[in-house]
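S.K.: Mind looking over this structure? Questions follow.
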Amino acid sequence: MNNQTVYLLFAEQTSPFDPEVKIDPLVGIFTDGADCLRLQKERPEYKISWEEREVKDAGEHTIEPGDTVYAYHYMATYRPTPDGGEAIELLSDAAVEDIYFQEENARKKLVVGDLQVITVGELRLKGDFLIIEG
């Protein structure tokens, strides 16, 4: 299988659970590091950081903006947010184990973890991506 590099973008902010605590949630996945630099300049109110990751199962497909990928969190837990939604408790340390392109491969990980469904190139500053629970 061919791996492809993507950039996981994080944005430090106040926790929805406790205004005294800072969190660093995953807020997007991008294919170009230049997008990360641009967003860092456009959103100075957040401490934006990023890291490179390999997509585990892209095969011959080139990951493009608009593609759906799956961020795997090992043994994630959830908490209700003040606005009535849910957030992965791991938002506090942004623990993403792996990134998958093919949903069937990602779903194999649901036995011991959970997935966030992310559209490449989409920025969600609250980290409120769709969650698939194991």
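The values are calculated or read from the model by the stated rules, or taken from the named source; none is laboratory data. The shown structure was predicted, so the numbers you read here are calculated from the model rather than taken from an experiment. Using ideal geometry, Cβ is built from the backbone for each residue, glycine included, and neighbour counts are taken over all protein chains shown.
S.K.: Collect the residues in segment 57-95 that are modelled with pLDDT of 80 or more, closer than 17 Å to Gly113 by Cα and β-branched (Val, Ile, Thr), keeping them in residue-number order.
M.R.: Val69
S.K.: Determine the pairs where a residue that is part of a strand (DSSP E or B), located within segment 105-133, has a partner that is among the polar types (S, T, N, Q) with Cβ atoms under 8 Å apart, the partner being 6 or more residues away or on another chain.
M.R.: Going by the 8 Å Cβ cut-off, the qualifying pairs are Val117/Thr68; Ile118/Thr68; Thr119/Thr68; Leu130/Gln116; Ile131/Gln116; Ile132/Gln116.
S.K.: Then there's this: Here's a check for you: in segment 15-46, which residue that is within 23 Å of Val117 (Cα to Cα) and part of a strand (DSSP E or B) is modelled with the lowest pLDDT?
M.R.: Across segment 15-46, the extreme among qualifying residues is Ile23.
S.K.: Collect the residues in segment 96-129 that are among the hydrophobic types (A, V, I, L, M, F, W, C), closer than 25 Å to Lys47 by Cβ and either modelled with pLDDT of 95 or more or loosely packed, with under 15 Cβ neighbours inside 10 Å (or both), keeping them in residue-number order. Walk me through it before giving the result.
M.R.: Taking segment 96-129 and keeping what is among the hydrophobic types (A, V, I, L, M, F, W, C), we get 96, 99, 101, 106, 110-112, 115, 117-118, 120, 123, 125, 129.
Retained after the next criterion (residues that are closer than 25 Å to Lys47 by Cβ): 96, 99, 118, 120, 123, 125, 129.
Of everything in segment 96-129, those that are among the hydrophobic types (A, V, I, L, M, F, W, C), closer than 25 Å to Lys47 by Cβ and either modelled with pLDDT of 95 or more or loosely packed, with under 15 Cβ neighbours inside 10 Å (or both) turn out to be Ile99, Ile118, Val120, Leu123.
S.K.: Residue by residue through segment 33-63, note down the ones that are surrounded by fewer than 16 Cβ atoms within 10 Å (Cβ to Cβ) and under 15 Å from the mean Cα position of the chain (by Cα).
M.R.: Passing the criteria: Ser49, Glu51, Glu52, Glu54.
S.K.: Is it the case that segment 4-11 has a residue that's surrounded by 14 or more Cβ atoms within 10 Å (Cβ to Cβ), under 17 Å from Val55 (Cα atoms) and in contact with a Leu (Cβ under 7 Å, 6 or more places away or on another chain)?
M.R.: Yes, segment 4-11 contains at least one residue that is surrounded by 14 or more Cβ atoms within 10 Å (Cβ to Cβ), under 17 Å from Val55 (Cα atoms) and in contact with a Leu (Cβ under 7 Å, 6 or more places away or on another chain).
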